[in-house]
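Just below is one structure, and these are the notes that go with it.
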Amino acid sequence: MVMLALITSLPLEGITPKPDKRAGKIYEEGIRMIFTQNVGQIPNDEVVFYTIHPSVVYVLRNGKININGTTIDFGKEPRFITGDMEQITRVSYFGNNRSISGIATYKRVVLKEVYPNVDVILTADGKGVIEFQYIVKPGGNVKDIRVKVKGEVKVKEDGIYVVEGEKEVVKLSEIKAYQGADGVEVRAKVEGKYLSFEVGRYDKKETLVIDPVLTAILASSGYDEARSLAIDGSGNVFVAGYTGNSSNFAPSRNFFGTTGYYDVFVSKLSNDLSTHIATAILASSGDDYAYSVAIDGSGNVFVAGYTMNPSDFAPSRNIFGTTNWADVFVSKLSNDLSAHIATAILASSGDDYAYSLAIDNSGNVFVAGWTLNSSDFAPSRNVFGTTGLWDVFVSKFSNDLSTHIATAILTSSGDDYARSLAIDISGNVFVVGYTYNSSDFAPSRNVFGTTGSWDVFVSKLSNDLRKHIATAILTSSDGDYAYSLAIDGSGNVFVAGWTYNSSNFSPGRNVFGTTGYYDVFVSKLRNDLSTHIATAILTSSDYDYAYSLAVDRSGNVFVAGATGNSSDFAPSRNVFGTIRKEMVLGCLAAFAPIINVFSTIGSPDAFVIRLSNELK
């Protein structure tokens, strides 16, 4: 049985999702997640099924659905509601002080007998849509169907919109009707807040399907985002990110600091994801975000990100640098997440962001990201390159986070961003990201490819961060971006990301698939970064992105990301359901193998690909 653990604080107080006040961003997106049955994880027993991504959509016991606070009423109360096309995925829910395992999930929900001999089927499927169908069986009457909406209804050339205030929240379009393979003439009729259908001639002794497309124009309700994953020596799974409601996040939690709107969480789960063991909330009175988690040889848990209020983040803190609005934090917790051991704040008089964390064999803690003011970032720094606006930093701390040992600034006269960090067996520190001016990034560089706008960099530093050993620039004549880094047992360096021009990215390349717009690359370099060994281009005829990379003990290379066209991505593919790009960020490498939802392919879709060590 497949298990997917969800640690979440769904909006349980009512049935209206809370808006995301970070961005107020509006998504015209479909629900590509499955329906989850409510067996008590949502205290409101009027909710019988719901989706969880990218926004919460409720199916209520009275047959109505609630999308972002907007109610769609399909007519009268159905005789009963049931899940259809049960999936092999089972959900373990840890939220609102509850733990429930083995919850069933479905691709479709059926509202039976909304009217006599008329069913409604809801399908969480397709590109940007929630599809619903009226199934008019023999004896049913199309004239009975009246859809009532909350809000104002406006008819436009491209569809019918439900509007609340000045915001369009639902769109109805592409209305079709058919019996078997034969189409039937149909049109929608709007009367105030009601929508009905008029159809042409059809055989009333046979079933008629009325098939409109309902597009939910959703505000993101992304309260809880997981950004990083780690596994300790006993196989326990740790996941870190941030939550918009730490007061009921997970069944229980240990609080460290003053809670704000967004707070950092670190949760510990059993290896089979069926049991929530513990959760720690790290917080300030501002917003706080975690992007990386790591575990040292003693099992202590380290988490890094940035805080918008360093003055009261965590119970206590060691401050290195001049604090400002957004500053880097690194926190150390006990393995059982019951104790906050230490926190270090790393800062400049500008804004500072951390995105990657690594621990060497001696237990020293390394953190990487970028700073807006490298001239006063950290107590001291070794600068490699010509400083620009945003500069890359790599900092080293003692294991107890009491001592800032060193900081290296890697920079060009343009903007520079670090996304991933790794340490080889000799303790050398590697950092990868992208630079807007590769011609003067770092003191020296080996260039592989034709430089363009944004170029990928991989830099090697000594363990004490005092020496810049080498930098490799991987590039095409257009934009190139790196997001992940890994080192194999022989010390070879692998980097993954995407390129806008795979035809001339790196000196040579092995192409797998049909090249499109952005294509995934995986490149292999010698440990001294002097030699480009190989590059694989993984591509479809659409957009493709790589976010995560790993190398197993046998040297096989795994890369995970998202493709805009899974039908022709790579030479061959095994399809396991529909997974949204948002799920890729941070944790796809862990989630993809355990979410097996066999359903219709959408866009974008998640991928995990295995390559040989030679990238051939």
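The values are calculated or read from the model by the stated rules, or taken from the named source; none is laboratory data. Because the structure is a prediction, the values reported are computed rather than measured. Every residue, glycine among them, receives a Cβ derived from its backbone with ideal geometry; neighbour counts consider all protein chains shown. Just the protein is used for accessible areas: all its heavy atoms, side chains included, with ligands, DNA and RNA removed. Shrake-Rupley method; radii C 1.70, N 1.55, O 1.52, S 1.80 Å.
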Measuring with a 1.4 Å probe in the full set of protein chains, what accessible area per residue, in whole Å², belongs to the range 445-538?
33
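Please get the size of the charge dipole for the range 260-378, origin at its Cα centre, with Cβ charges of +1 on Lys and Arg and -1 on Asp and Glu, quoted in debye to the nearest 20. Write out the running numbers ahead of the final one.
On the way: 3 positive and 12 negative charges, 41 e Å.
For the range 260-378, the charge dipole is close to 200 debye.
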For a label point 7 angstrom out from the Cα of residue 112 toward its Cβ, which stretches of the range 34-52 have the backbone nitrogen within less than 18 Å?
37-38, 48-49
Kindly state, to the nearest 0.05, the FRET efficiency for residue 255 paired with residue 376, given R0 = 51 Å and r defined as their beta-carbon distance.
0.95
Under the 7 Å Cα-to-Cβ spin-label approximation, residue 528 and residue 467 lie apart by a distance in nanometres of 1.2
Bin width 10 Å, alpha-carbon pairs only: give the P(r) of the range 288-403 as whole percents, running from 0 to the bin holding the largest distance.
15, 51, 28, 6, 0
Which whole-Hz couplings ³J(HN,Hα) result when phi for each residue of the range 193-209 is put into the Karplus expression 6.51 cos²θ - 1.76 cosθ + 1.60, θ = phi - 60°, listed in order with x for Gly and Pro?
9, 10, 10, 9, 10, 10, 10, x, 5, 7, 7, 6, 8, 10, 6, 10, 10
Magnitude of the Cβ-charge dipole of the range 303-373, K/R +1 and D/E -1, about the Cα centre, nearest 20 debye?
100
Determine ³J(HN,Hα), in whole Hz, for all residues of the range 173-186 in sequence, where each value follows from phi through the Karplus function 6.51 cos²θ - 1.76 cosθ + 1.60 and θ = phi - 60°; x replaces Gly and Pro.
8, 6, 7, 10, 9, 7, 10, x, 8, 8, x, 10, 4, 8
Label point distance in nm, residue 275-residue 325, each placed 7 Å from Cα along Cα→Cβ:
4.5
Give, in nm to one decimal, the length gained when the segment between residue 567 and residue 614 is fully stretched (0.36 nm per residue of separation minus the Cα-Cα distance).
14.4 nm
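Given a Förster distance of 30 angstrom, what is the FRET efficiency for residue 554 paired with residue 426, based on the Cβ-Cβ distance and rounded to 0.05?
Computed FRET efficiency for residue 554 and residue 426: 0.90.
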Probe 1.4 Å, accessible area per residue of the range 322-402, Å²
31
Inter-part distance where the range 419-488 and the range 227-289 are each reduced to a Cα centre, Å:
32
Under a crude label model (7 Å from the Cα following the beta-carbon direction), how far is residue 510 from residue 104 in nanometres?
4.6
Residue separation between residue 386 and residue 298 times 0.36 nm, minus their alpha-carbon distance, gives in nm 27.8 nm
Sites residue 312 and residue 204, calculated FRET efficiency, Cβ-Cβ separation with R0 51 Å, nearest 0.05:
0.15
Quick query: amide H of residue 373 versus all other amide H atoms, modeled in the peptide plane; which residues come in under 5 Å with a sequence gap of 5 or more or a different chain?
350, 351
Residues whose placed amide H lies under 5 Å from that of residue 326, excluding near-sequence neighbours
352
What length, rounded to one decimal in nm, is gained on full extension from residue 341 through to residue 179, with 0.36 nm per residue of separation minus their alpha-carbon distance?
51.7 nm
